[in-house]
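A.B. asks: I am attaching a structure below and will ask some questions about it afterwards.
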Amino acid sequence: MVVAYEKAKKSYEHTHKIAIAVSDKGLAADSLVGLGLTLRGIGRHKQVLSIFAKSQRIYEIAKDKAGLAFLLWAKAGLTG
């Protein structure tokens, strides 16, 4: 199972680099949320909060309500 999380982590990091390179802020934010969800799955909650904060700033600047909803859903899994 850990191998699957590591593969997902690498994929999201790679996607994020591409999104930055092509100036796709929406994809950059989405890839950060995906990375955060992956890290949440392996218990790295402090790192997740930092990543989610970055994606939230991007979504808010872009006024991306769907992105913010996705992020809030992801953040909800950290409670409890």
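The values are calculated or read from the model by the stated rules, or taken from the named source; none is laboratory data. Because the structure is predicted, anything quoted here is derived from the model rather than measured. A quick note on method: Cβ atoms are made from the backbone with ideal geometry, for glycine too, and the neighbour counts reach across all protein chains shown.
A.B. asks: Within the group Ile51, Ile61, which residue is in contact with a helix residue (DSSP H, G or I) (Cβ under 9 Å, 6 or more places away or on another chain) and surrounded by fewer than 18 Cβ atoms within 10 Å (Cβ to Cβ)? So that I can check it myself, show each step before the final result.
C.D. replies: Values: Ile51 fails: surrounded by fewer than 18 Cβ atoms within 10 Å (Cβ to Cβ).
Of the residues listed, the single one that is in contact with a helix residue (DSSP H, G or I) (Cβ under 9 Å, 6 or more places away or on another chain) and surrounded by fewer than 18 Cβ atoms within 10 Å (Cβ to Cβ) is Ile61.
A.B. asks: Look through Leu27, Leu32 and report the one residue that is surrounded by fewer than 18 Cβ atoms within 10 Å (Cβ to Cβ) and either of a type in the set (Asp, Glu) or touching a helix residue (DSSP H, G or I) at 6+ places or on another chain (Cβ under 7 Å) (or both). Even if it seems obvious, please write down each step before you answer.
C.D. replies: Working: Leu32 fails: surrounded by fewer than 18 Cβ atoms within 10 Å (Cβ to Cβ).
The unique qualifying residue is Leu27.
A.B. asks: Looking at His45, is it in contact (Cβ under 8 Å) with a residue 12 or more places away in the chain and surrounded by fewer than 13 Cβ atoms within 10 Å (Cβ to Cβ)? Spell out the reasoning first.
C.D. replies: Details: in contact (Cβ under 8 Å) with a residue 12 or more places away in the chain: yes; surrounded by fewer than 13 Cβ atoms within 10 Å (Cβ to Cβ): yes.
Judged against the criteria, His45 is a match.
A.B. asks: For Thr15, indicate whether it is among the β-branched types (Val, Ile, Thr) and over 13 Å from Ala74 (Cα atoms). I'd like the intermediate steps shown before the answer.
C.D. replies: On the way: among the β-branched types (Val, Ile, Thr): yes; over 13 Å from Ala74 (Cα atoms): yes.
Yes: the conditions hold for Thr15.
A.B. asks: Name the pairs: first residue in the stretch 1-13 and closer than 12 Å to Ser31 by Cβ and in contact (Cβ under 8 Å) with a residue 24 or more places away in the chain, second residue in a helix (DSSP H, G or I) and hydrophobic (A, V, I, L, M, F, W, C), Cβ to Cβ under 6 Å, at least 6 apart or on different chains?
C.D. replies: Close Cβ pairs satisfying both conditions: Tyr12/Leu35.
A.B. asks: Within the stretch 43-70, can you find the residues that are under 15 Å from Tyr12 (Cα atoms) and not hydroxyl-bearing (Ser, Thr, Tyr)?
C.D. replies: Narrowing the stretch 43-70 to residues under 15 Å from Tyr12 (Cα atoms): 47-48, 51-52, 54-55.
Selection gives Gln47, Val48, Ile51, Phe52, Lys54.
A.B. asks: Within the stretch 40-70, which residues are in contact with a Phe, Trp or Tyr (Cβ under 8 Å, 6 or more places away or on another chain) and either at pLDDT below 95 or closer than 21 Å to Glu6 by Cα (or both)?
C.D. replies: Residues satisfying the conditions are Gly41, Ile42.
A.B. asks: Please specify each residue of the stretch 1-34 satisfying the condition of being among the aliphatic types (A, V, I, L, M), at pLDDT below 95 and part of a helix (DSSP H, G or I).
C.D. replies: Initial filter on the stretch 1-34 (among the aliphatic types (A, V, I, L, M)): 1-4, 8, 18-22, 27-29, 32-33.
Among the residues that remain, those that are also at pLDDT below 95 are: 1-4.
Passing the criteria: Val2, Val3, Ala4.
A.B. asks: Within the stretch 50-66, can one find any residue that is touching a residue at least 40 places away in the same chain (Cβ under 8 Å), part of a helix (DSSP H, G or I) and not small (Gly, Ala, Ser)? Walk me through it before giving the result.
C.D. replies: So the first thing to find is which residues in the stretch 50-66 are touching a residue at least 40 places away in the same chain (Cβ under 8 Å), and the list is none.
Looking for residues that are touching a residue at least 40 places away in the same chain (Cβ under 8 Å), part of a helix (DSSP H, G or I) and not small (Gly, Ala, Ser), one finds none in the stretch 50-66, hence no.
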